[in-house]
Structure formats: C-alpha cells, structure tokens
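Quick notes on the structure that follows.
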Amino acid sequence: MQYGHFDDKRREYVITDPKTPWPWINYLGTEDFFSLISNTAGGYSFYKDARFRRITRYRYNNVPMDSGGKYFYIKEGKDVWNPSWKPCKTPLDGYECRHGMNYTIIKGIKNELEAKVLYFVPLKTKAEVQRLTLRNQGTKTKIIQVFSFVEWCLWNAATDMENFQRNFSTGEVETEDSVIYHKTEYKERRNHYAFYSVNEPVKGFDTDRETFFGLYNGFDEPQVVLDGTPRNSVAHGWSPIASHCLEVKLAPGQSKDLIFLLGYVESPDEQKWERQNVINKLPAKALIEAFDTEEKVTKAFEQLRAYWDKLLSIFTLQSGEPKLDRMVNIWNQYQCMINFLFSRSASFFESGIGRGMGFRDSNQDLIGFVHQIPERARERILDIASTQFPDGGCYHQYQPLTKKGNNEIGQGFNDDPLWLIIGTISYIKETGDFSLLNEPVPFDNTPGTEVPLFQHLTLSFDHVLNLLGPHGLPLIGRADWNDCLNLNCFSNDPDESFQTTENKTEGSQAESLMIAGQFVLYGREYAGLCLQLGKNGEARRAQRQVYAMTEAIKTYGWDGEWFLRAYDYFGNKIGSKENEEGQIFIESNGWCTMAGIGMEEGMVSKALDAVKKRLDCEHGIVLNNPPYTRYYIEYGEISSYPAGYKENAGIFCHNNPWIIIGETMQGRGDRAWEYFRKICPSYTEAHSDLHKVEPYVYAQMIAGKDAFRPGEAKNSWLTGTAAWNYYAISQYILGIKPDYESLEVNPCIPPDWKGYTVTRKFRGATYHIRVNNPDGRMKGLRSLTVDGEPVQGNRIPLKPAGSVCHVVAEL
Ligand code: BGC
Ligand code: NOJ
C-alpha cells in the first residue's frame, strides 16, 4: 500500500493520505538554522545544535506520536481545522503534503477554503518562512480567523525536559506590533533570542500556553481558538508559546498570503538592549523586513530551488528506470546532504540530545556528498581531524556548536581513525586539492599542537599497527564499526553503557576482522596517496604492512567458507561455523571482499556465496546468522537485541553496500543489482504499510528474517546507509569513479541492462558518458572513446575546465 507518489519533475514526494504509518518528515535549512517537519506539521527548529540551541519545543515519545509543531488553526463559524489535518484531525475535503528539497508544502481544503503553507529556510538566513496562502474556492464571501502556534523551548533541549523546578519560573517574552519575542535567560548569560512574526496587523495574540489551550485541553482543542477570542496573554514563567490571531475576509475566488517568520537573533554584548530589560529588536526587524512581501518570499524560494538545481547537476543519470533515476538524481543525494548537516544528531529517531557529530559517521558521510559541496567538505575534514589525539586515537563524537570532542563518550573505537584516510582521500580525488594535506591541524583542539593534516593520516594508519593482537590482527577496543560488538565490556550492570564500559581489557585478545579488512583497503589508499606525493619510502612501508595484514587475514581470519568476524577477549572465534549462534557476519565478509583479499584462492567468491546463502532474505542482507538468542556477556550489546533487530541480525542497510561492492569486485553485476534494489526505498514504496518509514530515504535498519515482523524499517534519514549506497551505485555499479588524475569508467551491471547515460561534472569540465551493453555483459570495457578518439584502458583523461566532453564506453 502507498500513501503518496513521487513527483520527479518537481523533485517532491507527494503524500496524499495524512495517516502515514509513521510521521514522514523533511528537513529545512542549509547552513545553521534548521527545522524538522513532518507531513502533519509536527517538528521543531534549532540553531546549529539541536541540543544547545533548541528554538521550539518538541516532545519525543508523545501520545499520540508527533504532537506539537508549527500549527495553523483555521476557524470558520463553528468549524476548527488545520491544513495539516493534525492536531485537530477535523476531516478535510482535500489534503496534500509535498516534501521537496529543503522545503515542505502542506495543503488542506475544507468548506471550499484552501489553506496552503510553504515552509522553508531561505539561504543564508537564520529564520524559517511560513507562507500561508488562503483561497476562497466558493461562491460566498468568507470571514475566517487564523491562529498560528509554536511553543518555545528554553534553549537547552535536555534541561528543558527535566529541570522543571527552574524552568517554570524563567520564561520571558515581549510583544510589539505583530511580533512575539522569546527572551528567556537573555538577561543573564545568553546573547540570543527568537521571534515569531506575521506581516499583517493582528487581532490579538497569546504567549502563555495554559491560557491558549486551557489547562485541560490538548493541541487539538485550544480554548482560545474554540472561543475565537485571543487573550493577549503575556507569559511569566510556566511555558511560553507564540500564537497570532488574524481575521481574514475573502471574496469568492479571492486569495491572500500571510507571511510568518520564525527567526533567531544573536547580539554582541554592547548591542543587546534597547533600554533596561527591553531587548534590542533592530536585528529582528531587519530580518522581518527581508521577507515581508510576497515578492521577497518568492525570490528567496527561487534562490533555494536554484541552489538545489546546482547541487543536483553534478551527477545525473538517465537509465530508463524511473525508480533508479529518482534515487540517484534526487533523493539519495539529498539524504547525503542531510547527513552532512546533521550527522546522527536530530531526526525522529535521534532526539538531538544524545549524539553530536560522529568521527566515523562524518567521515563516511563525506564519500556521499563531497562532489556537491567540496568547500564545506574541506572544512569538515579539518574539524574532524582536530579531535584526534597525538597517538592517532580520536574522540568518537564531537559537538557541532563547539566542535570539541565529547568527553562523555571519549575514545577507544579502534576503527575510527582509519575513516579519516578515506574521508580525506575522497576529497582530494574529487577536487585535486592536495593543499589540504598541508593545513595545520591541532590535536584535541589544543592551540599550539598543530601538525600538517597529512601527519594525522600517518598517525591513523599507525594507530592500527600499534594495537595489534596475538594473530597480528587489529585489536577491537570498545567496538569497531559495529558499536554493539563490545568484546571488552563484560557488563552485568544495566546502568553501565555498553559503549563506554571496559571491565576487562588487561591481556585482551579481542581482534576485529572488520578493521583488518578496512586496514587493507584504506592502507592501500594511504600508500597510493604517498606515491602521489612522491613519498616513496613511506608508500613502501605502508604496502609492506598491508601485505602483512593480508597474510594474517588469510591465515587466521578464514573459516573455510567465509571470513571470521573477530576473536573474543579469550581468543575464541566469533563468526565461525564452530559457534552455536552468530556463525557468519556481514562486516568482515564485506570488508575482506571489497579489499579483494584471497581473490586468487577463491576466498572472495566463496565468502560472497556464503553471504548469499546464509544472510540474504527477501528484504535485504541481515547482519549475522543465526541471531543471538541469549545474552553473551563476552559479546556485549549485540546479544541484547531481540533476534532480527538492529545489530543482532537486522538488515543494517549501511553495510549491505559493502557486499554489493564486493560482488562488483567479483564482476557479478546481477547480484550487486539484486541487493541494491532490495533495500532501495523507491523500490519498497509499494509496501509502505509494512516498511512504515519514508519511501524516499534510506532507513538504518529493516527488521531481518528472524524478526517478529520482517521488512519493517526503523531509524530513517540519519545513517551511513545514504553515503554508502550512493557510493556503491555511482562508483561501483554505474562505475563512474573520480581518481587523482582521471575519471574512471568501470561499470558492473546486470546483463539485461542495455545501457545508460551519466552526466558528471568533474574539476570544472562536463562529461557526458554513454555506456552501451549490446552483448548483455556484466563487467569489463571492450572500448572507450573520448570525443570520438579511442582510449586505452578505462580512464578518461582530465579535460580543461569549462569543456564539454562526450564519452562512449562499451562493455
Ligand atoms: C545502537 C547503535 C548505535 C549505538 C551508539 C546502539 O544501541 O544499536 O546502532 O550506534 O547504540 O549510540
Ligand atoms: C550507528 C552509528 O552511528 C554508526 O557509527 C555505527 O557504525 C552503526 N550504528 C553500527 O553499530
């Protein structure tokens, strides 16, 4: 069952039934002012950091789910309704929500009145525009009342939810003309306030929540709206809100726009006040003036659309398969940008409080968005590297507001440092900008400790070598990519965190085959970079170490039919046929096959066949099999999850592309494509009722074959799945791969594909690449011509910036 459809021309997903199986959301904002908005107008706004600068309040875990947001109440006679259907849930005569590229349009129709709200954050603006368009479709004049609504958050989203003894006494607002200002704590230590305005005189307003709703009413029956009488309440403590009341008269056929602005202002100390205890409103007024007419808003909206035209013009595909094209050209790239902006912090599954930017996560995200905004990728790499320590270890997370490492979680995830190598190299291959490597980067953000970025990469490489276990394989530390494989944790205490507890480390033999495979792959990349830089000695050293690791994997990491997953604290195998549960895992088999380890000996094809046989199912590839059915103290969190969910045999979409890429190494384009399609959201749209979450973005996890309800997805939007699947489809299936001095064309496709065309902008030139497959092959170029000239091999030499180049490749 579907709840809407794609509108590819406008790059929108159109939801036509408000009762989606879960809130289907979108993100507004491109730089520092952000909002989350659901298809029924739920959600919230924040400035830069969803924890420390929360502008409007939101209650996760509410009943009903997704209550609270940016609501408009319309009152006509006795009828009260919302264009977003919720919260009143008054039956509508028409409803549509269009989620587009950083904007959302929600339209409701009732009694021949159409109310349409466009929500977006203009470029370079610390404010959200809400343009409400009202149109009388009837034959009689209408007089209606409009009430807006947002609820302020007292800035710190964590204490806002717990410290009520203080919170109920601190709230402060001001009102002037049609603007409501929220200034809690501005007097003491804050230099910021928020405001909510409308570009018309109001009939009244409310800023005290209980006055607006009535003490016993929910979002669906605000007393003020039911009565049609704003109270002009001024909040003193308790819970400040902002609601405008406007009266609108519409002749038949007439329409009217009202422009609301939800903004954020920061003032330098000397400009904070107009007079004692009265805030300086000039910056807010300037912001309001920038968007106070229909023309200004239309222009700002066009600029946002042009910004996305540009971002999405760098890689475009025409495959003749609309479900694939819309993912590659629109939604997968959009999701990659959203992950760049939010890492794993704020979604409808991440509260915005617990986790900042992940070291591992943000590096991986880079491989998905670097072609879109290389300048910001550059800055991101430097920020991430600044949280590394002199021994190559690094903080697992950092806060976006301060950019400082998060002490609560600390370090010790031994795969983390290696991701910096791939993040950095992806940037250089995209841009050719080697100067990044000379940028001075501190350790742990401490001024005076700067060394060139290149040295951080060397330290990352050596960090693995300095922490080898008894088989010459990398020690796992607290965990590797799989946060839940906690082999030194040994926790019997529910109040301990699996991620930060290490009750047993002395003499640990816990080694990871995932990190081993990763070291081979990224160690080779590191060696390749060294060669580019003329550091031949260092390149040879790296190659020797990569060779040694490869041998160690073949000797101690091979279980006969697939790669082992790990050795535990005691040196016992994990992911072996000798185990009772968890005999085979996806991660090590993904990494070792991507790295081509034991290709000649047949290990790659055997491992991939074992994955197909034991891990594949209707909805994707599960993480491990058989799932754990009891708690193993020596394995940690992985065995805490019920079978079929999350890291315990869920379909972790993030690591499916590792197998997809592994299959392309082996030249099996049919299997790669089959796996790709299984988890690709546009292909699961038809069973949205089972899948539950948005059909336009990837979810972190789909319940696996051992779950109670296989196929049900969770944790949409913020996941490494976006970057990895984009990387797999664009660079390994379609096979268009940036390199230091060329653009590689090396497709691996199913035999029944006749061909496709990719337009790739790369280093200033435009490449139109036509791939033909007349003989139904899967891999291997028979010929390559560049502007009519045959070229040996599969690399397009770089063309001068500004040029347009036509490439034909034949399989
Ligand atoms: C989740 C992981 C997550 C980790 C750290 C675990 O409970 O299963 O996916 O990365 O917590 O937040
Ligand atoms: C989610 C985390 O964000 C990511 O870093 C991790 O690799 C996966 N969970 C798997 O545990």
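The values are calculated or read from the model by the stated rules, or taken from the named source; none is laboratory data. Everything numeric in this text was worked out from a predicted model, so none of it was measured. Neighbour counts run over all protein chains shown; Cβ positions are idealised from the backbone, glycine included.
Structural remarks
- Entirely in segment 630-685, the helices (runs of 4 or more DSSP H) that have 1 or more residues that are within 16 Å of ligand 2 (Cβ to nearest atom) and crowded, with 21+ Cβ neighbours inside 10 Å: 656-665, 669-679
- Enumeration of residues in segment 67-87 that are surrounded by 22 or more Cβ atoms within 10 Å (Cβ to Cβ) and over 30 Å from the mean Cα position of the chain (by Cα): TYR73, ILE74, TRP81
- Residue count for segment 690-709, restricted to those that are more than 14 Å from the chain's Cα centre (by Cα) and of a type in the set (Asp, Glu): 1.
- Qualifying residue in segment 227-243 (condition: part of a helix (DSSP H, G or I) and surrounded by fewer than 15 Cβ atoms within 10 Å (Cβ to Cβ)): yes
- Scanning segment 380-426 for residues that are small (Gly, Ala, Ser) and under 28 Å from ALA595 (Cα atoms) yields ALA385, GLY392, GLY393, GLY412, GLY423, SER426.
- Yes/no for TYR334 being crowded, with 19+ Cβ neighbours inside 10 Å, at pLDDT 95 or above and not small (Gly, Ala, Ser): yes
- Flag if ILE597 is touching a residue at least 24 places away in the same chain (Cβ under 8 Å), touching a strand residue (DSSP E or B) at 6+ places or on another chain (Cβ under 6 Å) and of a type in the set (A, V, I, L, M, F, W, C): no
- Residue in segment 770-785 that is crowded, with 18+ Cβ neighbours inside 10 Å, within 24 Å of PRO374 (Cβ to Cβ) and modelled with pLDDT of 95 or more present: no
- Here segment 353-411 is the region considered, the condition is being of a type in the set (Phe, Trp, Tyr) and modelled with pLDDT of 95 or more, and the residue that is nearest to ligand 1 (Cβ to nearest atom) is PHE359.
- Exactly one residue out of LEU485, LEU475, LEU468 is within 16 Å of ligand 1 (Cβ to nearest atom), on the phi < 0 side of the Ramachandran plot and hydrophobic (A, V, I, L, M, F, W, C): that is LEU485.
- So ASN625, is it modelled with pLDDT of 95 or more, away from ligand 2 (no atom under 16 Å from the Cβ) and under 23 Å from ILE476 (Cβ atoms): yes
- The set of residues in segment 606-629 that are more than 16 Å from ligand 1 (Cβ to nearest atom), in a loop (DSSP other than H, G, I, E, B) and either basic (Lys, Arg) or buried (at least 19 other Cβ atoms within 10 Å of the Cβ) (or both) comprises LEU615, HIS619.
- None of ARG59, ARG98, ARG166 is part of a strand (DSSP E or B), at pLDDT 95 or above and out of contact with any Cys (no Cβ under 7 Å at 6 or more places or on another chain) except ARG98.
- Annotation note: Cβ proximity below 8 Å between a residue of segment 691-702 that is on the phi > 0 side of the Ramachandran plot and a residue that is among the hydrophobic types (A, V, I, L, M, F, W, C) (sequence gap 6+ or interchain) occurs for LYS692/TRP22; LYS692/ALA713.
- Test: residue in segment 436-444 that is of a type in the set (A, V, I, L, M, F, W, C), touching a strand residue (DSSP E or B) at 6+ places or on another chain (Cβ under 7 Å), touching a residue at least 12 places away in the same chain (Cβ under 8 Å) and within 16 Å of ligand 2 (Cβ to nearest atom): no
- Any hit, segment 215-224, residues being among the charged types (D, E, K, R), under 19 Å from GLN130 (Cβ atoms) and touching a helix residue (DSSP H, G or I) at 6+ places or on another chain (Cβ under 8 Å): no
- Single unsatisfied condition, SER362 versus (1) within 14 Å of ligand 2 (Cβ to nearest atom); (2) among the polar types (S, T, N, Q); (3) surrounded by fewer than 23 Cβ atoms within 10 Å (Cβ to Cβ): (3)
- Residue match in segment 26-40 (condition: surrounded by fewer than 16 Cβ atoms within 10 Å (Cβ to Cβ) and at pLDDT 95 or above): yes
- Complete set of residues in segment 495-553 that are free of Cβ contacts under 8 Å to residues at least 40 places away in the same chain and within 16 Å of ligand 1 (Cβ to nearest atom): ASP495, GLU496, SER497, THR501
- Checked across segment 475-486, the condition of being touching a helix residue (DSSP H, G or I) at 6+ places or on another chain (Cβ under 8 Å), more than 16 Å from ligand 2 (Cβ to nearest atom) and either touching a residue at least 40 places away in the same chain (Cβ under 8 Å) or assigned to a loop (DSSP other than H, G, I, E, B) (or both) holds for no residue.
- Output for segment 309-341, where each listed residue is touching a residue at least 60 places away in the same chain (Cβ under 8 Å), assigned to a helix (DSSP H, G or I) and over 25 Å from ASN715 (Cα atoms): LEU311, PRO322
- Residue that is surrounded by 19 or more Cβ atoms within 10 Å (Cβ to Cβ), within 29 Å of the chain's Cα centre (by Cα) and part of a loop (DSSP other than H, G, I, E, B), where the choices are THR125, THR104: THR125
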